[in-house]
Structure formats: C-alpha cells, structure tokens
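The values are calculated or read from the model by the stated rules, or taken from the named source; none is laboratory data. Small disclaimer: the values here were computed from a predicted structure and weren't measured. Here Cβ is always computed from backbone atoms with ideal geometry, including for glycine, and neighbour counts include all displayed protein chains.
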Ligand code: ADP
C-alpha cells in the first residue's frame with residue numbers, strides 16, 4: 001500500500017508520455033510527409049509551367065533550340081536540387097539538365113498516364129523513387145513536348161526528417177518538463193496523504209493525541225482539519241467517559257456508605273431504639289437520592305440513545321402553572337413567591353410535553369433551591385420571530401462567572417451551591433440542555449453572583 005498510489009501515478013504518467021510520443025510521432029510523420037509532397041509538387045509544377053512558357057518561344061516547328069535552353073535549365077535544376085528534362089511528344093529526351101539521359105528515348109512514354117504529378121520510377125527511367133511533375137510546352141494550339149522535373153524522393157524524406165527531429169526534440173523537452181507535475185503531485189498530494197495515513201494508524205491504535213501538521217487551504221487541508229477535530233472530540237469523549245464513571249461511582253458510593261453505616265449501627269445497637277426512626281428516615285432520604293440519581297442517568301442515556309421526540313401541540317402557560325402549583329410545599333417552607341407575570345391568553349407550542357415538563361421542573365426546582373428565604377421567582381413567557389421564550393428568574397445566590405459555561409456539563413455543581421444543596425446530583429441542567437438541544441432550540445443563562453440567575457429557553461410557536 002505504501003507506494004501504490006505513487007506507483008500508479010508514475011505508471012499513468014509514463015503511459016501518458018509514451019502514448020503521447022507515439023501519437024505525435026505517427027501523426028506528425030504522416031502529416032509532414034503529405035505536406036511536403038503537396039508543397040514541393042506545387043512549387044515544382046509552377047516552375048515547370050514557367051519554364052514551359054519560356055521555352056515555347058524557342059520552338060520552330062517540332063525542333064527544340066537545344067543550345068539556347070541548356071545552361072539556363074542547368075542553373076534552375078541546381079537551384080531546385082532536381083533533374084529537369086525537356087521531352088518531345090514521343091518520349092525523346094532532348095535535354096537532361098544532369099546530362100545523363102540526353103538523347104535517350106523513354107520507353108512506353110505516355111504523359112496522360114502520369115498526369116502532371118506522379119511519384120515512382122517514371123516509366124522505369126530511374127533506379128530510385130522520384131517525385132515527377134510535368135508541364136506541356138505549347139504553341140500555335142499544339143503541344144510540342146514537355147518540361148518534366150524529377151525530385152528524388154530521399155530529398156523529400158530528408159526535409160521530413162529535419163522537421164520530425166524538431167518535433168521529437170520539442171516533445172521530449174515537454175515530457176521532461178512535465179516531470180514537474182510529478183514533483184507537484186509528490187509535494188501537494190502524496191506527502192500529505194501519507195501524513196493522513198500515519199495519523200489514521202495512530203488513531204486506530206488509540207493515540208488520539210496525534211495531530212496532523214497540514215495547514216493548506218485545499219481539500220487535503222480541510223480533510224486534515226476535520227480529522228484533527230474528530231480526534232480531539234473523540235479524545236474529549238474518552239476523557240469525559242472516564243470522569244463520568246468516576247463521578248457516578250463517587251455519587252453512588254457516598255450514600256451507600258452512609259446507608260451501610262446507619263444500618264450497621266442500628267443492628268449492633270449503637271443507635272438506641274428510640275432514635276432508630278430518625279436514622280431510618282436518613283436512610284430513606286439517601287435511598288431517595290440514589291433513586292433520583294439512577295433516574296437522571298437513565299434519562300440522559302435515553303436522550304443520548306434515541307434522540308427522538310414525541311411532539312404535540314400544548315399550551316406552555318398551562319403547563320408552567322401546573323408545575324408551579326406542584327412546588328407549593330417547597331415554596332411555603334422557604335416563604336418563596338412565584339410570580340407568573342404572563343397574560344391570560346394561550347401560548348401554543350409544538351414540543352415533547354413530558355420532556356419540556358422535566359425542563360421546567362428542573363429549572364424551577366433549582367430556582368427555589370438556590371433562592372434565599374422569602375425570595376421571589378419570576379416566570380415569564382414572551383414571543384418573537386415565531387418562537388416562544390420562557391424565562392425563569394430568581395434573586396438567589398447567583399452563579400460565579402467562571403462557572404456559567406460549566407453548569408450544563410454533567411455532574412457539575414458550583415462551589416457556592418454545595419452548601420445549599422447537598423442532595424443535588426449536578427445532572428439536572430445537562431438533562432435540560434440535552435432536551436432543548438434535541439428540540440433544535442437554545443437555552444441560555446444570565447447570572448450575577450450574589451444577585452440572581454435567569455434561565456431562558458426557546459420553543460417553536462404554533463399559531464392559534
Ligand atoms: P443539581 O441537580 O445538582 O441541581 P444542576 O445540573 O441542576 O444540578 O445544576 C448544576 C449547578 O448549577 C448547581 O449545582 C448550581 O451550582 C448551579 N445552578 C443551577 N441553577 C442555579 C440557580 N438558579 N442559581 C444558582 N446556581 C444554580
């Protein structure tokens with residue numbers, strides 16, 4: 001696996017390079033050959049026509065003025081690197097610029113068979129291939145003969161090779177230059193992916209503290225960022241789980257130790273018979289605390305596990321009123337007044353009524369617990385932007401600034417509250433927060449130490 005991606009890319013690159021090179025070589029070879037034949041024959045044909053029109057003046061009857069034609073033809077032939085013939089209608093070569101075939105007759109000469117352009121041996125006159133073009137020498141509406149120019153094919157091929165060499169060298173340079181892509185791939189993709197791979201292995205082995213050091217602003221950078229975030233969250237969850245278990249064990253152990261202590265003392269007679277009722281009441285109170293703790297943990301667990309809500313439409317004000325009534329005894333004991341300032345009309349919300357009941361119960365219970373004797377609690381309901389806001393405000397001990405963010409964490413109790421509420425589990429507000437979150441809503445707290453606290457949460461409003 002280690003080199004496979006790199007090898008694949010390298011292989012792909014090589015295949016691309018070779019395929020590209022073969023395509024360029026084949027295509028350019030054919031194209032340049034065609035191009036050269038076309039342009040050369042066109043040039044030679046023009047030249048042949050020019051010579052033919054010049055030489056038609058030298059004819060008198062069927063004879064050719066050989067002496068006058070020869071030097072000029074030789075010069076043009078040298079310039080064109082070709083052989084120029086003046087041939088009469090019967091195939092008699094009156095002049096060959098190279099001098100080799102002057103005076104010979106071409107066997108089976110038929111200019112109509114070749115047209116004005118052909119390639120090959122030209123009626124077997126040559127031992128090698130030539131590109132031949134011919135132009136008629138005419139005058140007085142008669143064809144006296146022909147100017148035939150022969151260019152050896154290897155001359156055309158030479159030019160072709162020269163052009164091809166340039167093409168090959170250029171493509172080789174481009175191929176070598178494109179190695180840069182390989183370097184870029186190595187730096188920008190392969191190396192970071194390798195780092196991510198190492199990180200994934202570390203995470204798999206449980207080392208969630210491993211950090212990926214990639215800070216680029218591209219997809220790989222985002223991936224590294226997401227993985228780092230995931231590792232931090234997992235690591236926090238792991239830490240949280242450990243603390244959770246420690247806290248649960250602690251919260252279970254203390255009441256159990258007390259219960260055991262009381263019961264042993266009753267059994268061995270340390271507590272006299274007439275005082276046993278008092279201690280048994282303490283045992284009941286500790287058992288109640290344990291029951292509450294177990295209930296809270298189960299609620300949290302069910303919120304974590306299911307997350308689904310049983311929503312219905314109900315009047316939140318009616319619910320608040322009935323919950324406040326259920327706190328009558330606690331309020332009377334502490335001489336606390338709950339002020340329900342809201343108007344008489346209904347406020348319909350769409351939520352899980354039993355869960356919202358639990359939210360209100362926890363928040364009002366806290367407000368009473370942390371209020372001073374003869375205090376006042378204000379519960380208010382207001383509406384804004386399609387939401388209903390419920391506020392529970394007290395003038396109690398308040399929450400120290402450093403604690404306001406932590407109170408929603410499981411098992412958290414502020415130092416101030418420890419004296420006031422020995423039975424608290426520190427789970428109430430985290431249940432509240434989870435329920436509100438499951439509804440897709442928000443809860444906030446505003447509090448000043450020694451002045452009081454206000455908890456506000458939102459719910460989805462239903463139009464009446
Ligand atoms: P508990 O079940 O122990 O009350 P909560 O999760 O409900 O736990 O509350 C966590 C902590 O937040 C409390 O121990 C207390 O320190 C603080 N707290 C909650 N409500 C109030 C309030 N109305 N006034 C002051 N402190 C509060």
| Does segment 324-339 include one or more residues that are under 52 Å from the mean Cα position of the chain (by Cα) and away from the ligand (no atom under 11 Å from the Cβ)? | no
The one condition residue 408 fails out of (1) within 23 Å of residue 312 (Cα to Cα); (2) at pLDDT 90 or above; (3) near the ligand (Cβ under 8 Å from one of its atoms) is (1)
inquiry  = Suppose the filter is modelled with pLDDT under 80 and assigned to a helix (DSSP H, G or I); does residue 300 pass it?
reply    = yes
Has segment 368-381 got at least one residue that is within 39 Å of the chain's Cα centre (by Cα), at pLDDT 90 or above, under 30 Å from residue 245 (Cβ atoms) and near the ligand (Cβ under 8 Å from one of its atoms)?
no
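For residue 351, state whether it is over 30 Å from residue 245 (Cβ atoms), within 10 Å of the ligand (Cβ to nearest atom) and either surrounded by 18 or more Cβ atoms within 10 Å (Cβ to Cβ) or within 42 Å of the chain's Cα centre (by Cα) (or both).
no
Select, from 273, 203, 210, 222, the only residue that is loosely packed, with under 14 Cβ neighbours inside 10 Å, free of Cβ contacts under 8 Å to residues at least 40 places away in the same chain and under 54 Å from the mean Cα position of the chain (by Cα).
From the options 273, 203, 210, 222, the qualifying one is 222.
I'd like to verify a number: residues in segment 186-232 that are in a loop (DSSP other than H, G, I, E, B) and within 23 Å of residue 7 (Cβ to Cβ), how many? Show your work before the answer.
Let us first name the residues in segment 186-232 that are in a loop (DSSP other than H, G, I, E, B), namely 205-218.
Now narrow it down to the ones that are within 23 Å of residue 7 (Cβ to Cβ): 214.
Of the residues in that region, 1 qualify.
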Reported set for segment 444-464 where residues are within 10 Å of the ligand (Cβ to nearest atom) and not in a strand (DSSP E or B) is 449
Within segment 320-360, residues assigned to a helix (DSSP H, G or I), in contact with a strand residue (DSSP E or B) (Cβ under 7 Å, 6 or more places away or on another chain) and closer than 17 Å to residue 396 by Cα come out as 331
Checked 416, 363, 429 against criteria (within 7 Å of the ligand (Cβ to nearest atom), under 28 Å from residue 329 (Cα atoms), part of a helix (DSSP H, G or I) and modelled with pLDDT of 90 or more); the one match is 429
Going through segment 93-115 in order, the residues found to be in contact with a strand residue (DSSP E or B) (Cβ under 6 Å, 6 or more places away or on another chain) and surrounded by fewer than 17 Cβ atoms within 10 Å (Cβ to Cβ) are 98, 102, 104, 105
